[in-house]
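Before any comments, here is the structure.
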Amino acid sequence: MREGSLEAPTRHALDWKNPEFYNEEKLLEEMERIFDICHGCRRCVSLCDAYPTLFDLVDGSATFEVDGVAKEDYWKVVDQCYMCDLCYQTKCPYVPPHEWNVDFPHVMLRAKAVQFKKGERKLSHKLISNTRIQGSIGSLPVVGSLINASNRNKGVRKVMEKVMDLHPDAHLPEFHSKTLRRRDRGRKPAAVEVKPAGPTSGKVVLFATCYCNVNTPDIGQDLIRVFEHNGIPVRLTEKEQCCGMPKLEQGDLDTVDKYRRTNIPELVRLVDEGWDIVAAIPSCVLMFKQELPLMYPDDPDVQKVKKAIFDPFEYLVHRHKAGLLNTDFKQPLGKVVWQVPCHQRVQNIGPKTRDILAMVPGTEVEMIERCSGHDGTYGVRAGTYAKSQKIAQPVINRARKMEPDYLVSDCPMAADQIANNLELKHRERNPLSLLRKAYGI
């Protein structure tokens, strides 16, 4: 038996349509098997609170082993996992192809799916993960302004804590009635010569995503301006649903499937017309690059989209390698601290954001490869907010010591989680915004 694996991690497909996937007795057997391996290793203790929760249960048991932990306490571990995937990608020596076949995030996902099927996921968590409803309501004129004002009202936030399980101190994103789609209405892609390079076609469709469309439309506009400044025509999809990541993290796989049935045909149509796909939110890119392909390994359309979707800076690096990146930068950026989002790290593309920003003269980029602890819902829920802040604290401390001009992250939620605890010289928090600023456009 080997002590760890030297091969690159591989991922088994998610057998979520098999009725045995939801067999709770077999699930608990697999959780016990994996928990026992984790207890014997403990390499992941610093990543999130799932592992300290597990190890505290073991250390407090009568046997000091996993067999001394009550099965009903396994769910306490599940509640602390937000499936960042870092244990699988960066820490665990026993992931496939190792014969122990440890896939901690997937057994946690299976557990959440079992909970969801049994109706045990909180209604409030289902609602705050429903970005479609939030976006539809929050983007209404006047209504969005009222929601934003309510989110800043301490009295209202106390009520929201009881009704929606939202911590009163948690930062909640703004809603914009002038969404990215409304701002982009009537705009035509740049009329330029399309130049393929490497795996890129040279023209891009932007999957706007719920968050980028309604909460951070400026980031979407920054992406469009930066890409078209580089001779890459950009358009939006004609229709789209949520990528499905928030529902995946709740174990609501049927809703993920529902969203797939809208998104994949539209994206395949565009890919067949010669368009590449980008999204400004790393979790959305990862959903199409990894999670959906693992759920639908035999679906050729899902696999086609997987090959055609790119992280924005991954795309720009491909263009740079072909000599097509515009490097006529007008403004230095000074010292930039870049927090690498977990869902970008697990795409296995390397630090492409750093590589592009570092090309700007008069710019120094410092990288922090550690989780912000936000995860969308984990960072705002009353029961997990304090733990989320604790996970973020080492990142905040390191960033503060670096005394940057800018703190950025490709994930807007991670950027806010960190930057809201710092005194910064400038307000930009997204690397696409910095790149636009460096170009002077």
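The values are calculated or read from the model by the stated rules, or taken from the named source; none is laboratory data. Quick caveat, the model's predicted, so the values are computed rather than measured. Cβ coordinates were reconstructed from backbone atoms using ideal geometry, including for glycine residues, and neighbour counts include every protein chain displayed. For accessibility, only protein heavy atoms count, side chains too; no ligands or nucleic acids. Shrake-Rupley method; radii C 1.70, N 1.55, O 1.52, S 1.80 Å.
Can you pull out every residue in the range 255-286 that is in contact with a strand residue (DSSP E or B) (Cβ under 7 Å, 6 or more places away or on another chain) and not aliphatic (A, V, I, L, M)?
Selection gives TRP275, ASP276.
Any chance the range 358-367 includes a residue that's open to solvent by 40 Å² or more (accessible area, probe 1.4 Å), among the aliphatic types (A, V, I, L, M) and within 21 Å of the chain's Cα centre (by Cα)?
Residues of the range 358-367 open to solvent by 40 Å² or more (accessible area, probe 1.4 Å): 358-359, 361-362, 364, 366-367.
With the extra rule that they be among the aliphatic types (A, V, I, L, M), the set shrinks to 358-359, 367.
From what is left, the residues that are within 21 Å of the chain's Cα centre (by Cα) are 367.
Within the range 358-367, one or more residues are open to solvent by 40 Å² or more (accessible area, probe 1.4 Å), among the aliphatic types (A, V, I, L, M) and within 21 Å of the chain's Cα centre (by Cα).
Pick from ARG187, ARG183: which is outside any loop (DSSP other than H, G, I, E, B), among the basic types (Lys, Arg) and either touching a Leu at 6+ places or on another chain (Cβ under 8 Å) or surrounded by fewer than 21 Cβ atoms within 10 Å (Cβ to Cβ) (or both)?
ARG183
Could you please find all residues in the range 66-78 being touching a residue at least 12 places away in the same chain (Cβ under 8 Å) and in a helix (DSSP H, G or I)? First the steps, then the outcome.
So in the range 66-78, the residues touching a residue at least 12 places away in the same chain (Cβ under 8 Å) come out as 66-67, 69, 71, 73-78.
Listed by number, the residues that qualify are VAL66, ASP67, LYS71, ASP73, TYR74, TRP75, LYS76, VAL77, VAL78.
Can you pull out the residues in the range 157-196 that are touching a residue at least 24 places away in the same chain (Cβ under 8 Å), of a type in the set (Gly, Ala, Ser) and within 23 Å of GLY220 (Cβ to Cβ)?
SER177, ALA190, ALA191 - these are the residues of the range 157-196 that are touching a residue at least 24 places away in the same chain (Cβ under 8 Å), of a type in the set (Gly, Ala, Ser) and within 23 Å of GLY220 (Cβ to Cβ).
Report whether or not GLU174 is open to solvent by 30 Å² or more (accessible area, probe 1.4 Å) and either at pLDDT 95 or above or over 28 Å from THR377 (Cα atoms) (or both).
Details: open to solvent by 30 Å² or more (accessible area, probe 1.4 Å): yes; either at pLDDT 95 or above or over 28 Å from THR377 (Cα atoms) (or both): no.
No; evaluated as a whole, the condition is false for this residue.
Yes/no matrix, rows are residues, columns are (1) open to solvent by less than 10 Å² (accessible area, probe 1.4 Å); (2) part of a strand (DSSP E or B); (3) touching a residue at least 60 places away in the same chain (Cβ under 8 Å):
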| residue | (1), (2), (3) |
| --- | --- |
| TYR211 | no, no, yes |
| ASP218 | no, no, yes |
| GLN221 | no, no, no |
| ARG225 | no, no, yes |
| ILE232 | yes, no, yes |
| ARG235 | no, yes, no |
| GLU240 | no, no, no |
| PRO246 | no, no, yes |
| GLY251 | yes, no, yes |
